[in-house]
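Values quoted throughout were computed directly from the atomic coordinates according to the rules given, and no laboratory measurement underlies them. Just so it is clear, the structure is predicted and the values come from calculations on it, not from any experiment. Heads up, the Cβs are rebuilt from the backbone with ideal geometry, glycines too, and the neighbour counts pull from every protein chain shown.
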Amino acid sequence: MSDPDTGGRPNLIRRTAFPTSVSRAVVTPLQPSVVYSSPDPDALDDQYEGRARGYTYGREGHPNADVLAQMIDRLEGGQGGIITGSGMSAVTATLLGLLGQGDHIVGGNQLYGRSLRMLTQDLPRWGITSTLADPTDVAAMAAAITPATKLLLVEVVSNPTLRIADMEGIERLARERGLILVVDNTFTTPVGFPAFSRGADVVIHSVTKLLAGHSDVTLGYVLTREAGHRKAIYDTNVTLGLTPSPWDCWMAERGMYTFDMRFERAQANAAALADLIAEHDAVETVLYPGRRDHPDHNRAGALLNGQWGNMVSFRLRGGRASANALTRAAPGLAFAPTLGDVGTTLSHPASSSHRALTREGRAALGITEGFFRVSVGCEPFELLRQDFTAALDAARPG
Ligand SMILES: *Cc1c(COP(=O)(O)O)cnc(C)c1O
């Protein structure tokens with residue numbers, strides 16, 4: 001086939017056809033196209049009216065987001081999950097999609113910091129109010145419900161003190177009172193707590209964390225039980241432009257292939273590390289749901305199916321000076337306020353996630369200057385033993 005006559009100018013604009021191949025690529029193709037062309041307006045009608053399946057515009061959906069959504073759907077046991085540009089955009093699309101002026105939320109009092117900020121500072125500007133309550137105490141959650149309450153927002157494991165919410169009680173409360181139960185399942189993952197199968201109406205993940213697992217993409221996910229909820233959240237996501245890039249979805253898909261192996265390894269490391277930390281004389285308290293001395297150990301045992309998680313928190317006997325000494329003595333442990341990376345990261349809530357609180361506010365949660373949260377990664381445990389021993393030796397007070 002010869003090129004049409006272009007009057008002597010090179011034909012670079014018309015796209016060259018993608019080569020055909022009888023063999024198929026094993027890896028999911030990355031599809032960055034923002035626009036999709038349909039054969040004619042009737043075909044476009046068919047797409048928009050649901051008689052034919054096809055993509056139209058990148059913000060409204062694309063194949064790489066759908067592949068990733070289906071992988072997380074399988075883990076949660078649902079269908080039709082929505083990928084969003086970050087965990088916070090999943091929270092935003094859910095709350096703005098499902099609620100309107102005059103509605104009220106009852107939220108856990110130790111939610112992720114930005115979620116707390118949204119409930120207490122941002123949503124009130126749009127006429128949506130909240131009351132925060134302790135999710136380990138279902139009576140406290142019930143007492144916070146008002147006639148305007150429409151939705152409960154909880155996380156199973158609190159950040160950073162790793163308390164376990166009374167999920168059975170909260171699920172029953174939501175049913176009895178006709179409230180939408182939204183569970184941010186980021187810390188637990190669907191392997192630790194299959195929130196959707198356990199009765200959540202809406203499940204949120206920050207895919208950025210354990211699911212993608214390599215600290216190189218920011219993405220979120222929302223799964224709903226009711227089609228009406230899905231449509232409201234999908235439309236809000238698309239209208240507010242909270243949607244994800246194909247590249248990020250492709251990267252997250254790549255990370256997801258090893259999610260269950262990473263999580264298994266990280267949890268085994270976390271259990272061993274919690275015991276190691278607990279025995280060190282620089283440490284006042286260690287918090288790990290798998291240990292018998294954790295205040296919610298029995299509830300964690302009933303809810304988490306032996307998946308105690310990869311998060312360990314501890315309180316040093318010393319204060320800020322000991323905290324500084326600890327991070328400096330362990331350069332191999334990334335001091336970074338995130339979680340779920342393939343490697344171990346340390347966070348210090350008093351100087352990061354909880355810095356906006358007063359000292360008294362932090363003290364009420366047990367967060368001292370010597371408090372650390374560890375997101376345990378997949379290193380050989382011997383490396384963690386060496387790093388933490390050196391770090392804790394340096395953190396002895398005095
Ligand atoms: C990190 C996190 C979020 C926010 O996710 P981003 O991807 O950082 O926007 C929400 N909830 C929890 C529990 C988180 O840990």
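The helices (runs of 4 or more DSSP H) found entirely in region 62-153 that carry 3 or more residues being closer than 24 Å to ILE164 by Cα and not small (Gly, Ala, Ser) are 63-76, 87-98, 113-117. Checked against the criteria, LEU242 counts as within 13 Å of the ligand (Cβ to nearest atom) and not charged (D, E, K, R).
Here ARG225 meets each of (1) farther than 30 Å from THR136 by Cα; (2) out of contact with any helix residue (DSSP H, G or I) (no Cβ under 7 Å at 6 or more places or on another chain) with one exception, condition (1). Candidates in region 74-99 are the residues that are within 15 Å of LEU219 (Cβ to Cβ) and of a type in the set (A, V, I, L, M); of these, the one that is nearest to the ligand (Cβ to nearest atom) is MET88. Scanning region 137-156 for residues that are under 21 Å from LEU75 (Cβ atoms) and out of contact with any strand residue (DSSP E or B) (no Cβ under 6 Å at 6 or more places or on another chain) turns up just one, VAL156. From the list ASP166, ASP184, ASP216, the one residue that fits, being within 10 Å of the ligand (Cβ to nearest atom) and in contact with a helix residue (DSSP H, G or I) (Cβ under 8 Å, 6 or more places away or on another chain), is ASP184.
Within region 295-309, the set of residues being in a loop (DSSP other than H, G, I, E, B) and either buried (at least 22 other Cβ atoms within 10 Å of the Cβ) or under 23 Å from the mean Cα position of the chain (by Cα) (or both) comprises ASP296, ASN305, GLY306, GLN307, TRP308, GLY309. One residue stands out in region 190-213 among those that are among the β-branched types (Val, Ile, Thr) and crowded, with 24+ Cβ neighbours inside 10 Å: the one that is farthest from the ligand (Cβ to nearest atom), namely VAL202.
On the stretch given as region 62-74, residues that are surrounded by fewer than 21 Cβ atoms within 10 Å (Cβ to Cβ) and under 21 Å from the mean Cα position of the chain (by Cα) total 6.
The single residue among ILE128, ILE105 that is away from the ligand (no atom under 16 Å from the Cβ), surrounded by 22 or more Cβ atoms within 10 Å (Cβ to Cβ) and closer than 18 Å to ASP201 by Cβ turns out to be ILE128. Considering only residues in region 345-391 that are within 16 Å of the ligand (Cβ to nearest atom) and of a type in the set (Ser, Thr, Tyr), the one that is surrounded by the fewest Cβ atoms within 10 Å (Cβ to Cβ) turns out to be SER352.
Residues of region 147-159 include at least one that is free of Cβ contacts under 8 Å to residues at least 60 places away in the same chain and surrounded by fewer than 16 Cβ atoms within 10 Å (Cβ to Cβ).
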